[in-house]
Amino acid sequence: MRYAPTEYYENTDEEMISQEAFEFSVREDSPERLSARSPEGYKGLAGFHKYWGKKPTEAWRLLIERLTKPEDIVLDPFLGSGLVAKECTDLNRRFIGFDINPICLELTELYLSPPTHRELKSALQSLHKNLFPKVNSLYRLSTGDVATHILWEDSTIVKVWKKSGRCRVELIVDRDELRTFEDAHKYTPHNESNFRFFENSRINSKSNMEIDQLFTPRALEVIDRILDEITKTTGNTRRALRLILSAGLGQMSCMVFAVSKRGKARGIESKSIEVGSWVIGYWRPMQHFEVNALNCFENKANKLLKALNDLGPSRKASITADASVFFQNGKDCFLVLGDSEKLLQKLPAESVNVILTDPPHGDRIPYLELSEMWNGFLGYESDLSGELVISNAKTRNKDHITYTQKLLRIFSDCNRVLKNDGVIAIMFNARSTDHWESLHQLETETSFSFVGCYPMQYSAGSVVQDNRAGGLKSDYVLLYTKGLNSNNIQAISDHFKDLPSWSRALPARVSK
Ligand SMILES: C[S@@+](CC[C@H](N)C(=O)[O-])C[C@H]1O[C@@H](n2cnc3c(N)ncnc32)[C@H](O)[C@@H]1O
């Protein structure tokens, strides 16, 4: 195994890794700066799962409020976690969403139709009652103490902690006992799963990588038992529990960094070792934590419970996977799993008022490869061939040219389904100026006209921003309209010109 580059180091409030931390944390950053830069729209329901490339709800709300009116139909062919769908239905807009990643559809349905706080709480109570004794026995030492955190140096355990009140206490454990803890029996999960990893040095995955290289047998057994308990539930509660499990997987794995020497750069080096988090990619650090897997699950569950409690009773959106039912029966949402290039063909011409979308940004995030751990445990198979992304995994043949061509084909069909004078708002950035090619060709290849753009300032500190090869410091929202109507173009621009840094031209660094 290789080790993660240090720039991915980030500490969060132990296992409660959050999207804010992933998106905004930078080494040696202060909590004040972090919170100042963290939009509220990554919290609550939106904060409980670390789906890649999530954009905060405020970014969507601003566009929905400025570009649409109630009952309008909004389309996003690259749905992601589905926060845009939630904002649309909350604001009484109808919504069409597609994504090729199975977990995205699940997340979207959770946001649109969550279980009640009471339903989820009662399911969690019975899960806890059934699992707690067995899981405790897996983490119990001969002293009777139950380990919450185990610190590994490669394949040797060096420290064990338990929880005492709100504190962590290091246990004095002799070497023989640690050895028995190291040699936990192999465990073969009986729940169906399918993992497919690619040779991709960027995210440190190997084609021969097995899931038990990323998890201890103890953790695999707890995950399997949680899945058994989940099968006893149904409907929205079952979906929520499966997503809670997937949200906790990173922290249950051997990919949790042990963070030491914090503050070194400021000359106030800390002696303590803190529990970091799982970060982008499949890095198993030399020094890593194994966190009690049931605790990880329950931490995520509590986060979702709190979000549901804060949300209060909410209307459940009506969802269909059938285009004709959506258009004829006035359902709230039309959601389908699959390749947008194919799915857009199901939509009639000029049937959509506005398109709000955030496509993959070149090679910044290989979504399906990075979701393999989630989708694998949940038993989903992904259509890797249809994914629009540039990947370092050579066997996937996803390069700059296939990316540009496919994105243009999708945008061209977006143009067909959009009403005349309708707007498409595209959130974009890339690691390389080459990856802007499809946007450069958008006006010549389709009848979209560029209106203007503005930066999404909050994204400037994201750890996935990498502007060395020409990308921009922050993501941008780029507005285009269908047709050449200059009055319409001017009217849209006037509607956005109050935004700081609104510009009628592309940023110089990426303009053609
Ligand atoms: C930048 S992310 C969207 C994130 C989303 N805006 C959010 O806030 O969560 C891009 C999405 O495009 C999806 N995608 C990639 N290729 C696709 C395709 N051919 N058809 C549909 N979705 C695709 C990925 O699975 C990923 O979820």
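Some notes on this structure:
- Just one of the listed residues (Ser382, Ser314, Ser391, Ser371) is hydroxyl-bearing (Ser, Thr, Tyr) and in contact with a strand residue (DSSP E or B) (Cβ under 7 Å, 6 or more places away or on another chain), and it is Ser391.
- Close pairs from the range 53-65: first in the same structural domain as Leu499 (by TED's automatic domain parsing) and on the phi > 0 side of the Ramachandran plot, partner among the basic types (Lys, Arg) and within 11 Å of the ligand (Cβ to nearest atom), Cβ under 9 Å, at least 6 apart: none
- One residue from Ser382, Ser438 being closer than 30 Å to Arg225 by Cβ, modelled with pLDDT under 95 and assigned by TED's automatic domain parsing to the domain that holds Val352: Ser382
- Only residues that are surrounded by fewer than 21 Cβ atoms within 10 Å (Cβ to Cβ), in contact with a strand residue (DSSP E or B) (Cβ under 8 Å, 6 or more places away or on another chain) and under 21 Å from Leu243 (Cβ atoms) were counted across the range 338-366, and they come to 1.
- Of the strands (runs of 3 or more DSSP E) lying entirely inside the range 86-176, those containing at least 2 residues that are out of contact with any Lys or Arg (no Cβ under 9 Å at 6 or more places or on another chain) and among the charged types (D, E, K, R) span 156-164.
- Among residues of the range 350-377, those that are under 24 Å from Lys55 (Cα atoms) and more than 15 Å from the chain's Cα centre (by Cα), counted: 8
- Only one of Phe327, Phe334 that is in the same structural domain as Asn101 (by TED's automatic domain parsing), more than 30 Å from Ala469 (Cα to Cα), assigned to a helix (DSSP H, G or I) and of a type in the set (Phe, Trp, Tyr): Phe327
- Condition check for Glu369: at negative phi, outside the structural domain of Pro133 (by TED's automatic domain parsing), touching a residue at least 60 places away in the same chain (Cβ under 8 Å) and buried (at least 20 other Cβ atoms within 10 Å of the Cβ): yes
- Subset tally (residues that are part of a loop (DSSP other than H, G, I, E, B) and within 13 Å of the ligand (Cβ to nearest atom)) for the range 58-84: 6
- Scoring Lys134 on the criteria (1) loosely packed, with under 13 Cβ neighbours inside 10 Å; (2) at pLDDT below 95; (3) basic (Lys, Arg) leaves a single failure, condition (2).
- Criterion: more than 30 Å from Leu478 (Cα to Cα) and within 16 Å of the ligand (Cβ to nearest atom) - qualifying residue of Asn329, Asn375: Asn375
- Unique residue being at pLDDT below 95, within 12 Å of the ligand (Cβ to nearest atom) and touching an Asp or Glu at 6+ places or on another chain (Cβ under 7 Å) when the list is Lys55, Lys50: Lys55
- Qualifying residue in the range 449-456 (condition: aromatic (Phe, Trp, Tyr) and either more than 17 Å from Pro359 (Cβ to Cβ) or surrounded by fewer than 16 Cβ atoms within 10 Å (Cβ to Cβ) (or both)): yes
- Condition check for Asp322: touching a Lys or Arg at 6+ places or on another chain (Cβ under 6 Å), closer than 14 Å to Phe98 by Cα and at pLDDT 95 or above: no
- All of Asn392, Asn353 fail the test of being away from the ligand (no atom under 14 Å from the Cβ) and in a strand (DSSP E or B), apart from Asn353.
- All conditions but one from (1) within 12 Å of the ligand (Cβ to nearest atom); (2) over 30 Å from Glu210 (Cβ atoms); (3) free of Cβ contacts under 8 Å to residues at least 12 places away in the same chain apply to Ser385; the one that does not is (2).
- Index of the failed condition, Pro102 passing every other in (1) over 20 Å from the mean Cα position of the chain (by Cα); (2) within 11 Å of the ligand (Cβ to nearest atom): (1)
- Within the range 85-94, being of a type in the set (A, V, I, L, M, F, W, C) and either within 13 Å of the ligand (Cβ to nearest atom) or out of contact with any helix residue (DSSP H, G or I) (no Cβ under 8 Å at 6 or more places or on another chain) (or both) holds for Ala85, Cys88.
- Qualifying residue in the range 257-271 (condition: within 28 Å of Ile150 (Cα to Cα), crowded, with 24+ Cβ neighbours inside 10 Å, among the β-branched types (Val, Ile, Thr) and in the same structural domain as Glu182 (by TED's automatic domain parsing)): no
- Which numbered condition Glu119 fails, given (1) acidic (Asp, Glu); (2) within 16 Å of the ligand (Cβ to nearest atom); (3) surrounded by fewer than 24 Cβ atoms within 10 Å (Cβ to Cβ): (2)
- Residue count, the range 359-379 (criterion: among the charged types (D, E, K, R), outside any helix (DSSP H, G or I) and modelled with pLDDT of 95 or more): 0
The values are calculated or read from the model by the stated rules, or taken from the named source; none is laboratory data. For clarity, every value in this text was computed on a predicted model and none was experimentally measured. Positions of Cβ are backbone-derived with ideal geometry, glycine not excepted, and every protein chain shown enters the neighbour counts.
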